[in-house]
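Beneath this line is the structure, given in structure tokens, with notes to follow.
The values are calculated or read from the model by the stated rules, or taken from the named source; none is laboratory data. Note that the coordinates shown come from a computational prediction; the quantities given were computed from them, not determined experimentally. Counting neighbours? That spans all protein chains shown, and the Cβs are built from the backbone with ideal geometry, glycine included. When the accessible area is computed, the model is the full protein with side chains, heavy atoms only, and any ligands, DNA or RNA have been set aside. Shrake-Rupley method; radii C 1.70, N 1.55, O 1.52, S 1.80 Å.
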Amino acid sequence: HLIPEDFTVDFAARHPNGSSTISCREEDVVPEPPIVTNSCGDTIAAHGPIQFLPNNYCNSYSSYMFTYEDCAGHRVGWGYTYTIKDTIAPTFTIPDTTFICRNTNGTVESDTSSTGVPTDVTDNCTSHILQISYSDIVTNHISSTDTIWRTWTVMDSCYNSSSQTQIIIINPPVYVFL
């Protein structure tokens, strides 16, 4: 129990500030302040918190400050700080290997409506906006089987990204002679 004479002197030793590291702002919840009593065993109410918000939720800090005041007018503060570090990349499933045919004029219809798009796209932070993009590397022989290596990349709001490569097989055109 704290008595008015030692309320401010021993407070920090008995109730050190708290901290933890989190990945997402969804984990940033108001912490439970310590229960503080006076020399009579009465609980001294915590006032607050005052929250100091981060300017971003990727690599930043979020702090909460509570204050206590005893019957003798002594005031002390207790704080809790979250270190926010999101280093976890999104995950996804790429489309299966796909077979498409080259048209007789040599062109290929390889848009995502025929080759598929990633599924099961998730991120550890549900508040992130995910960007999905792809780039293609194509072998182009026209008269033989070719391949498109389509590299899909999913990036979250903290610039964490993951990539996987889908294989798209291009079969040569089939000519039918009558």
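Values as computed for the structure displayed
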quantity: Residue match in region 116-130 (condition: surrounded by 14 or more Cβ atoms within 10 Å (Cβ to Cβ) and farther than 30 Å from Asn56 by Cβ); calculated: yes
quantity: Qualifying positions in region 131-155 - open to solvent by less than 80 Å² (accessible area, probe 1.4 Å) and over 30 Å from Cys24 (Cα atoms); calculated: Asp136, Val138, Thr139, Ser144, Thr145, Asp146, Thr147, Ile148, Arg150
quantity: Looking only at region 37-72, and only at residues there that are outside any strand (DSSP E or B) and within 30 Å of Cys24 (Cα to Cα), the one that is most open to solvent (accessible area, probe 1.4 Å); calculated: Asn55
quantity: Some residue of region 101-112 being closer than 27 Å to Leu53 by Cα, open to solvent by 60 Å² or more (accessible area, probe 1.4 Å) and assigned to a strand (DSSP E or B); calculated: no
quantity: Qualifying positions in region 1-28 - modelled with pLDDT of 90 or more and either in a strand (DSSP E or B) or surrounded by fewer than 12 Cβ atoms within 10 Å (Cβ to Cβ) (or both); calculated: Gly18, Ser19, Ser20, Thr21, Ile22
quantity: Looking only at region 73-100, and only at residues there that are assigned to a loop (DSSP other than H, G, I, E, B) and open to solvent by less than 30 Å² (accessible area, probe 1.4 Å), the one that is nearest to Gly48 (Cα to Cα); calculated: Asp86
quantity: Count of region 116-146 residues which are at pLDDT 95 or above and not aliphatic (A, V, I, L, M); calculated: 11
